[in-house]
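The values are calculated or read from the model by the stated rules, or taken from the named source; none is laboratory data. Computed from a prediction, not measured in an experiment: that's the story for all the values here. Positions of Cβ are backbone-derived with ideal geometry, glycine not excepted, and every protein chain shown enters the neighbour counts.
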Amino acid sequence: MGTAVTTTIDIRVVSLLQTLTDFFKGPSCPKCPECGSNISGDLCPNLDCPIKVAKWITHWCSPEAVDIPALDQARVEQLASHRLVVHPGELYELGQGDWDRLEDVSAGQLAEIQGQMQSSKLAEPSALLFGLRLPGVDTNLAKRLICVFGSIDKLRETKPRQLQQAGELSEQQAVEIRRWFRDSVNRQALQMLEQNGFRFSG
Ligand SMILES: [Zn+2]
């Protein structure tokens, strides 16, 4: 009898606590299916969220960017979900042991991926810029910015005011481009790409 009463009280306390917890949490936020972070808008705020990483790497490998078709979306998603890469620079640092973790990739297919990755180092500056996925920079804007500023290095050093004037950009676009180049992950990506044979100076 005593036990039954205690159990009933326990259940009431638990359900009251749950109600209070729900109340203080507010309406439940949508969560990123991959990393579980609360999503604001339709964007996962987690910098190394595998979904975000996979989108960037897939974009990097697209024909309009550095063109690595052998590294298709399924393979990119595996690299991201195994946390083997967080930005395109890390693709070029993967060792044999990392590649071995991909499922269903034969030695021949891996050689094809690596051959295309080698050729990607010769991509045009505007294709590289497009591949870096700066906010609002589509293929046309990437071509125009390279045409105006000459190189990614020059673009990276340009102050927002000059970016805005010479590049015919809105103030917000110029600020966002500047901010992209100052971000630590993006800077690390550029540095790693340079260490692996990419040239951003023109
Ligand atoms: Zn996420």
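For segment 125-138, how many residues are in contact (Cβ under 8 Å) with a residue 12 or more places away in the chain and outside any helix (DSSP H, G or I)?
Adding up the residues that qualify gives 5.
Looking only at segment 59-87, count every residue that is of a type outside the set (Gly, Ala, Ser) and buried (at least 19 other Cβ atoms within 10 Å of the Cβ) and tell me the total.
Initially, segment 59-87 is screened for residues of a type outside the set (Gly, Ala, Ser), giving 59-61, 63-64, 66-69, 71-73, 75-79, 82-87.
Checking the rest, the ones that are also buried (at least 19 other Cβ atoms within 10 Å of the Cβ) come to 60-61, 66, 68, 71, 75-76, 79, 84-87.
Residues meeting the conditions: 12.
Among (1) within 16 Å of the ligand (Cβ to nearest atom); (2) at pLDDT below 95, there is one condition residue 27 misses while meeting the rest; what is its number?
Condition (1) is where residue 27 drops out.
Do you know which of the residues in segment 36-52 that are hydrophobic (A, V, I, L, M, F, W, C), part of a loop (DSSP other than H, G, I, E, B) and more than 6 Å from the ligand (Cβ to nearest atom) is surrounded by the fewest Cβ atoms within 10 Å (Cβ to Cβ)?
Filtering first and then ranking leaves 47.
Quick check on this structure: which one of 68, 57 is more than 12 Å from the ligand (Cβ to nearest atom), part of a helix (DSSP H, G or I), among the aliphatic types (A, V, I, L, M) and touching a residue at least 24 places away in the same chain (Cβ under 8 Å)?
57 is the lone residue from the list that is more than 12 Å from the ligand (Cβ to nearest atom), part of a helix (DSSP H, G or I), among the aliphatic types (A, V, I, L, M) and touching a residue at least 24 places away in the same chain (Cβ under 8 Å).
Just the residues that are part of a helix (DSSP H, G or I) and of a type in the set (Ser, Thr, Tyr), please, taken from segment 183-202.
Initially, segment 183-202 is screened for residues part of a helix (DSSP H, G or I), giving 184-195.
184, the sole residue that qualifies.
Could you list, ordered by first residue, the pairs with Cβ atoms under 6 Å in which the first is in segment 145-166 and in contact (Cβ under 8 Å) with a residue 40 or more places away in the chain and the second is outside any helix (DSSP H, G or I) and exposed (fewer than 12 other Cβ atoms within 10 Å of the Cβ), at least 6 apart or interchain?
What qualifies is 150/202; 151/201; 151/202; 153/201.
Can you pull out every residue in segment 146-182 that is under 13 Å from residue 136 (Cα atoms) and either assigned to a helix (DSSP H, G or I) or not assigned by TED's automatic domain parsing to the domain that holds residue 130 (or both)?
171, 172, 173, 174, 175, 176, 177, 178, 179, 180
Scan segment 95-123 for residues that are free of Cβ contacts under 8 Å to residues at least 12 places away in the same chain and assigned to a loop (DSSP other than H, G, I, E, B) and jot them down.
Listed by number, the residues that qualify are 95, 100, 104, 106, 122.
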